[in-house]
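Working notes, beginning with the structure itself.
The values are calculated or read from the model by the stated rules, or taken from the named source; none is laboratory data. This one's a predicted model, so the numbers in the text were calculated from it and none came from an experiment. Here the Cβ positions follow ideal geometry from the backbone for every residue, glycine too, while neighbour counts run over all protein chains shown. Areas reflect the complete protein model, heavy atoms only, side chains present, ligands, DNA and RNA absent. Shrake-Rupley method; radii C 1.70, N 1.55, O 1.52, S 1.80 Å.
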Amino acid sequence: NPYAGLVSRLRAAWLSGKTRPMERKIPNVRTRAAAACAELTPPVLCVPKPPFEAEYCEIHLCKNELHETLNNLSHWMKDEHVDKTLVIRQDSAFIRKDPYGVVLIIAPWNYPINLLLVPLIGAIAAGNCVVLKPSEISKNTEKLVAEELPSYLDKDCCAVVTAGMQETIRLLENKFDYIFFTGSSSVGRMVMTAAAKHLTPVTLELGGKNPCYVSDTCDVQNVARRVVWGRFYNAGQTCIAPDYLLCSLEMQEKLMPALREAITEFFGSNPQESPDFGRIIGVKQFRRIQALLCSGRVAIGGQTDAETRYVAPTVLVDVQPSDPIMQEEIFGPILPILLVANMDEAIDLINSRERPLVVYAFSSNDKVVNQVLDRTSSGGFCSNDTLMHFTLSSLPFGGIGSSGLGMYHGKFTFDTFTHQRGCLHCSMGLEALNSVRYPPYSQQKLAIIRAASKVKRKSSCILL
């Protein structure tokens, strides 16, 4: 295997213990600031996104993750002492935060810096050695990461692998202690299958069709602006973008002029000339998105240009759940609208499909928002806005079911790459107290040991 030697070198470094001490972690984690902010500037990013969006999502959010980790790492690393029963009152019970060992991080192309460095920060902070696999589709970023990032890292502890699909399959043949993957569900299944051969735990950050319910009681202008921003950010190439909108016919009639107005306000009368509207990453992705325009009826936008991989901000109406655009994640600047009679019908439609990465709900009525929250299941939830839950490192981010497995951001990233090792330090003295658990057994010994190790209820249980 072409990568066996690399993985062995990193495993030897991890076994040496050099990645565990706090004084080694802090300098390593701090280098992310230099890499993310000095070298990886927006103009070099391969995804053709506006510099504002690149600066915010790729650089600023990485810095936030870095500072959150540096501010709290000493606290996160501490042993966590736990409750004890009377029988081990004199002993010490705690959770030790151990690194997994050698971990693999596979990043996607749509946010090629953020979704590479954010898990890397947590992996290093937890004390692991890391193999990084940037996306080969975002070629400029892959090249930059491969050339620049190793200069900031201990080469015995971190390595960058540039690889296409076939090489990645060979990479996955090696035994890793943890795999963190962000990308499509189809490749995620391949990663999980490969990991299963070594019983390797995984985090899978996938995607899905994120529903956005808009009730009849809301500020239409605000809804339009926030949905347009979230749907067309990075030209729709965002796993947490609102994928389809659910509303009544009455609300659709109110929303259409507001959506058109918001698109014009953000991108001008001709979005193709706007410096603030991105392009599709590649020809293959462009053709897939273009084919989805056959669903329903184009109410806004619909223009495309193959040469520049431009797809206009588009809104589709008269869309049915059976249409092609409702069978896969769009991952492009198209917003289909499906009509529902009421909130209950919207919730039923959401629940009839695979669980999404996020559910969005817009309403001026908190009861409506809470109903959608209580009666649906998803990786995350955001009401009266889009995308913003992703920006908080204090919230866990991850999917459920077909939208993913595991979570990260802030302390959750550290926890993801940490094995919580249950530990008990027992006293060598007071042996007489242990005699009640040794043979020969008796009912009297059993009564004593049960009383000494009993966990008592703090309050009575009332069944309603």
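Under 16 Å from a label point 7 Å along Cα→Cβ of Ala452: give me every residue in the range 78-93 with its amide N that close.
Only 84-92 pass the distance filter.
Taking 8 Å as the Cα distance limit and 6 or more residues as the minimum spacing, I'd like the relative contact order of the range 310-464 as a percentage.
So the answer I get is 13 percent.
Sort all Cα-Cα distances of the range 193-249 into consecutive 5 angstrom bins from zero, then give the percent of pairs in each bin up to the one containing the longest distance.
Bin by bin from 0 Å, the calculated values are 4, 15, 20, 17, 11, 9, 7, 7, 5, 4, 1.
Carbon-plus-sulfur fraction of the accessible area of the range 54-192, 1.4 Å probe, in percent?
Values: 2650 of 5310 Å².
Carbon-and-sulfur percentage of accessible area, whole number: 50.
Hey, can you find the accessible area per residue of the chain for me, probe 1.4 Å, expressed in square angstrom? Walk me through the numbers on the way to the answer.
Working: 21510 Å² over 464 residues.
Using a 1.4 Å probe on heavy atoms only, each residue of the chain averages 46 Å².
Size of the dipole of the chain about the Cα centre, Lys and Arg at +1 and Asp and Glu at -1 on the beta carbon, nothing else charged, in debye to 20? Mind showing how you got there, number by number?
Details: 48 positive and 46 negative charges, 467 e Å.
Dipole about the Cα centre, nearest 20: 2240 debye.
Expressed as a rounded percentage, what relative contact order does the range 184-260 have, with Cα pairs under 8 Å and six or more residues apart? Don't skip to the end; give the middle numbers.
Working: 67 pairs, mean separation 27.5, N = 77.
With pairs under 8 Å counted, the relative contact order is 36 percent.
Under 8 Å for C-alpha pairs, at least 6 residues apart: give me the relative contact order for the chain, rounded to a whole percent.
Across the chain, relative contact order equals 18 percent.
Below 12 angstrom from the Cβ of Phe286, what's the summed charge of the other residues (Lys, Arg +1; Asp, Glu -1)?
Working: positive: Arg279, Lys284, Arg287, Arg288, Arg309; negative: Asp305, Glu307.
Net charge around Phe286: +3.
What spacing in nm lies between the two simple spin-label points modelled at Asp216 and Arg437, each 7 Å away from Cα in the Cβ direction?
With each label point 7 Å from Cα toward Cβ, the separation is 6.5 nm.
Hey, rough spin-label estimate for Lys367 and Gln320, points 7 angstrom out along Cα→Cβ, what's it come to in nanometres?
Those two pseudo-labels are separated by 3.5 nm.
What is the packing order of peptides 123-129, 248-254, taking the mean over residues of other C-beta atoms within 10 Å and listing the highest first? Write out the running numbers ahead of the final one.
Details: 123-129: 28.4, 248-254: 15.4.
For the peptides 123-129, 248-254, the packing ranking is 123-129, 248-254.
Counting only complete DSSP H runs, which helices of the chain cover 15 Å or more along their long axis at the Cα atoms and score a mean Kyte-Doolittle of -0.5 or above? Present the calculation step by step, with values, prior to reporting the outcome.
Values: long enough: 4-15 (16 Å, 0.82); 22-34 (19 Å, -0.96); 61-77 (22 Å, -0.62); 114-125 (16 Å, 2.21); 185-196 (16 Å, 0.87); 220-232 (18 Å, -0.03); 249-267 (27 Å, 0.04).
Span-like helices here: 4-15, 114-125, 185-196, 220-232, 249-267.
Rounded to a whole number, what is D in µm²/s for the chain from Stokes-Einstein with the Kirkwood radius over alpha-carbon pairs (20 °C, 1.002 mPa s)?
Details: Rh = 24.5 Å.
Stokes-Einstein gives a translational diffusion coefficient of 87 µm²/s.
Give the carbon-plus-sulfur fraction of the accessible surface of the range 211-398 in %, rounded to a whole number; probe 1.4 Å, heavy atoms of protein chains only. Intermediate results must be reported in sequence, preceding the final value.
Details: 3700 of 7790 Å².
Within the range 211-398, the accessible surface is 47 percent carbon and sulfur.
For Glu250 and Phe94, what is the calculated FRET efficiency with R₀ set at 60 Å and r taken between the beta-carbons, to the nearest 0.05?
So, using R0 = 60 Å, E works out to roughly 0.55.
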